[in-house]
Structure formats: C-alpha cells, structure tokens
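**Q** Here it is, the structure in full.
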Amino acid sequence: MATNAVDNAKDDAKAAAQAVADSASKLSAEAQRSFGEAARKFERVVAEGLEQIRAQSRTYADTAGEQFDEAQRYVVERVKERPLVATGAALGVGLLIGLLLASGRKD
C-alpha cells in the first residue's frame, strides 16, 4: 500500500506540475499578445504625434518666413529712404562689434 500511495503522490505531483506548466504557457502567450497590442498602440500614438508636430512646424515655418519677408521689406524701404543714416548705423554697429571682439583678445 505504501508504494501505491507513493505512486499516487507522484502522479498527483506530475499532474500539478503539468497544470502549472500549462498555466505558465497560457500566461506567456497572453502576455506576448498584450505586449504586441501595446506596441502597435504605442506606434500609432507616436505616428499621430509626429504628424501633428510636422503640421505645426510647417505652420510655424510659414509664419516665420512671412515675418522675415516683412522685416526685410521694412529694412529695404528704410534704407532707400535714408541711405546715409543706414550706412552710418551699419558702420557704428560694425565698429562696436569690432571693439567687443578686440577687447576679448588682450594677451
């Protein structure tokens, strides 16, 4: 009878081990499926975010280009109105930048 009980215990242990292995296999498959779904969702969200950033950056670039063109027209008009003042201002700015750069090079 003792061997019968030992055999029964072995069979029960084997069945329990098989049940645990089956459960682990099912959990692993479910986890892989969940991770795959999460990766696809994440990829979709990132793609949508990048598309929004592209659209916004195009808008900002267009606006900046228009403002730059406007500023350029303004400067050109002022230089045409008063060329001597514009030349003097340019010389003054150049002189100041030269002095600032030269003061940093003292040995």
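Every read-out reported here was derived from the displayed coordinates using simple, explicitly stated rules and does not represent laboratory data. Since the structure is predicted, the reported quantities are computational estimates derived from the model, not experimental observations. Counting neighbours? That spans all protein chains shown, and the Cβs are built from the backbone with ideal geometry, glycine included.
**Q** Using θ = phi - 60° and the Karplus relation 6.51 cos²θ - 1.76 cosθ + 1.60, list the HN-Hα couplings for segment 85-90 in order, rounded to whole Hz, with x at every Gly or Pro.
**A** 5, 5, 5, x, 5, 5
**Q** Just from its helices, what would the mean residue ellipticity at 222 nm be for the chain, if runs of 4 or more DSSP H residues each count -39500 (n - 2.57) and the sum is divided by every residue, rounded to the nearest 500 deg cm²/dmol?
**A** Here the helix-only value at 222 nm equals -35500 deg cm²/dmol.
**Q** Would you kindly state how much longer the chain becomes between Ala55 and Ala89 on full extension, computed as 0.36 nm times their sequence separation minus their alpha carbon distance, in nm to one decimal? Working shown, then result.
**A** Values: separation 34, 0.36 × 34 = 12.24 nm, distance 3.96 nm.
Net length gain for the segment: 8.3 nm.
**Q** With each label point set 7 Å from Cα along the Cα-Cβ vector, what nm distance links Gln32 and Glu81?
**A** Reported label-point gap for Gln32 and Glu81 is 7.5 nm.
**Q** So, one more: Could you check which residue among Val46, Val75, Val93 shows the biggest mean-square fluctuation in a GNM of the chain with a 10 Å Cα cutoff?
**A** Val93
**Q** Another one. Could you work out the local net charge near Ala71, counting Lys and Arg as +1, Asp and Glu as -1, over the other residues with Cβ closer than 12 Å to its Cβ?
**A** Around Ala71, the charge tally is -2.
**Q** Right, here's the next one. If I fit a long axis through the Cα atoms of helix 2-81 and take the longest principal axis of the Cα atoms of the chain, what angle between them do I get, 0 to 90°, rounded to 10?
**A** Compared with the principal axis, the helix lies near 10 degrees.
**Q** What dipole magnitude, in Debye to the nearest 20, does segment 1-48 give about its Cα centre under +1 on Lys/Arg Cβ and -1 on Asp/Glu Cβ? It would help to have the intermediate numbers written out before the result.
**A** On the way: 7 positive and 8 negative charges, 36 e Å.
Roughly 180 debye, rounded to the nearest 20.
**Q** Shifting gears a bit: In debye, nearest 20, what is the charge dipole magnitude of the chain about its Cα centre with +1 on Lys and Arg Cβ and -1 on Asp and Glu Cβ, if you could check?
**A** Details: 15 positive and 16 negative charges, 111 e Å.
Computed about the Cα centre, the dipole is about 540 debye.
**Q** Let me ask something else. In whole Å, what are the extents of the chain along the principal axes defined by its C-alpha atoms, from largest to smallest?
**A** On the principal axes, the chain reaches 119, 45, 7 Å in Cα extent.
**Q** Right, something else. Among Pro83, Ala47, Gly36, whose Cα sits farthest toward the positive end of the charge dipole of the chain (+1 at Cβ of Lys/Arg, -1 at Cβ of Asp/Glu, about the Cα centre)?
**A** The listed residue farthest towards the positive side: Pro83.
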